[in-house]
C-alpha cells in the first residue's frame, strides 16, 4: 500500500474518486459535498491531495483546501474505497495529509467538518478538537461547497452556526507536533445524538 502526495500520474483515478465520494454519501444517508472530476484533478495537479493506492488499485483519498489567505487549511473529502475499509486506512491517510498540510502551510490552522464518529475519533487522536463554526473560515466560497449536501438547508436555517457536521480544529501554535489526545467517546456520542435529533426534526417537517 502506497500513501503519497498525489501527482499527475494519479489523474486517471479522478472519476473513481468522485464516484466513491458520491456512493459513500448515499450509503451513510448523511451529507458529503460532491466534487467534480475537474475539481479533484486541480487538487492533484497543485500537490494538494493524498492518495492511497494498492498495486495500482485505488484505495483512498483526501485533499487540501486553502482559505482566508492561508490562515485556514481544510483537510476534506476523506474517502476509502469499500474494498479497503475496516483496515485502519482512513487514519493513515489523515495522518499523512495532516503532516503534508503542516509542512506546506506551517502557519495555517487546519480544520475539517464531518458527520462521522469514526472520523471524529481519528481527528481527536491526531490533536484536533471540536469547535463551533464561528471559529472556522468566514469565506462564503467554502460554505458554498456544502450546497450539494442533502443537509444544506440545516446550515442555512441556522445561519451557518451549526449543522449535522461537526467542526474540528488543529491549531499548530498549540499542537506543534502530532500529539495524541485522549478520545472521549461519551462527549462525541452525545454530540452525535444532538445532531441526529436535529436531523429527525428536519425530516418531520
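Any read-out appearing in this document is the output of simple, stated calculations on the displayed coordinates, not a laboratory observation. Keep in mind that this is a model prediction, so the values were computed, not measured.
Roughly how far apart, in whole Å, are the Cα centres of the range 44-99 and the range 146-165? Each part reduced to its Cα centre gives a spacing of 23 Å.
Mean separation of Cα pairs under 8 Å and 6 or more residues apart, divided by the residue count, gives the range 1-113 a relative contact order of 26 percent. Would you mind classifying the range 1-146 by shape? Square roots of the alpha carbon gyration tensor eigenvalues, ordered a ≥ b ≥ c; an a/c under 1.5 is rounded, otherwise it is prolate if a/b is larger than b/c and oblate if not. Rounded.
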